[in-house]
Every structure is written in C-alpha cells, then in structure tokens.
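First comes the structure, then the notes that go with it.
Computed from the coordinates by the stated procedures, all read-outs in this text should not be read as laboratory data. If you're wondering where the values come from, they're calculated on a predicted model, not measured in any experiment. Cβ coordinates were reconstructed from backbone atoms using ideal geometry, including for glycine residues, and neighbour counts include every protein chain displayed.
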Amino acid sequence: MDDLDHKLLSLLRADARTPVSTLAPALGVSRATVRARIDRLVDTGVIQGFTIVVKAGSQPNPIRAITMVEVEGQAADRVMQRLRGFPEVRALHSTNGRWDILAEIETATLEEFDQTLRRIRQVQGISQTETSLMLSSIRTRTEAA
C-alpha cells in the first residue's frame, strides 16, 4: 500500500458512500484509478467491507478500548497514517511520555476486537502496545444536542 491507498482509505472511512467521481479530484487522480484502487484493496482483503457509523450509544454494548502505542524511531506519522485506515479505530491522539499514540477502538464483538489488535500489532513501526478495555463511562459535561 502506498500513500494514495492510505488517503483513499481515510476518505472512505470518513464516508464510505463518497462517489468515485468525488474521490478522484480529492486525490488528484482519475476515476478509473480510484475504482482500480478500491477493487484491489477489496480483492486483497485490505478492505473487508463497507460499514456505517451509528450514533454513540445506539449500539448495545460495543467493545471499546484505548490502545497505547509505542513507535520505533521516527515512524509516528507513518504509523498514524496506517492506523487511520482501520475502520475500528475511532480516534487517534499523539501524546508525550511512555506512549507515542493513543488509539480509541470500537468493535461489535470480542472476536473482532482480537482481530483488530492483531492487525494493529503487525503495523510496521509499532514496537509495543498496551490496551485497556473501557467498561463503563460517566459523562462529565452535557453535550449540546
């Protein structure tokens, strides 16, 4: 996968319904190139399906976690770009201290969660991870409707 593939995945992750005719100019390539890239990513299993994003709290008991990531050398930008392509990664945060990146992960099942962690640990440039499941949440402020 190259930078174009990562950018394409990022755009599709934001809205999987984005038409090829919109993706092409955003990526600076032809529609045929976008279509070929999507087909290749599906055929090779990088894209395993297209999904929707639902309102927080509307799914019963999703598996949610924070994964702390240690990055080798100067690979943080490259690792962040790769992690952006994971549909299960809801947010990424750079940080200081022991860990370089915090990834918020959400899956529907423990099996999906396990598979996601395995894929994350295989990303080149990641040297170590530590994951904590979120068991419950307490709202500390009222969100605007």
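Here is how the numbers come out for the structure above:
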read-out: Within-13-Å neighbourhood charge of Ala14 [Cβ basis; K, R +1; D, E -1]; value: +4
read-out: Debye, to nearest 20: dipole size of the chain, +1 on Lys, Arg Cβ, -1 on Asp, Glu Cβ; value: 400
read-out: Calculated P(r) of the range 63-133 - Cα pairs past 16 Å, %; value: 38
read-out: Segment Val29-Thr129, extension gain: residue separation times 0.36 nm, minus the distance between their alpha carbons; value: 32.4 nm
read-out: Segment Arg121-Gln74, extension gain: residue separation times 0.36 nm, minus the distance between their alpha carbons; value: 15.2 nm
read-out: Counting all C-alpha pairs of the chain, share separated by more than 25 Å (%); value: 35
read-out: Placed amide H near Val71: partners under 5 Å, 5+ positions off or other chain; value: Asp100, Ser127
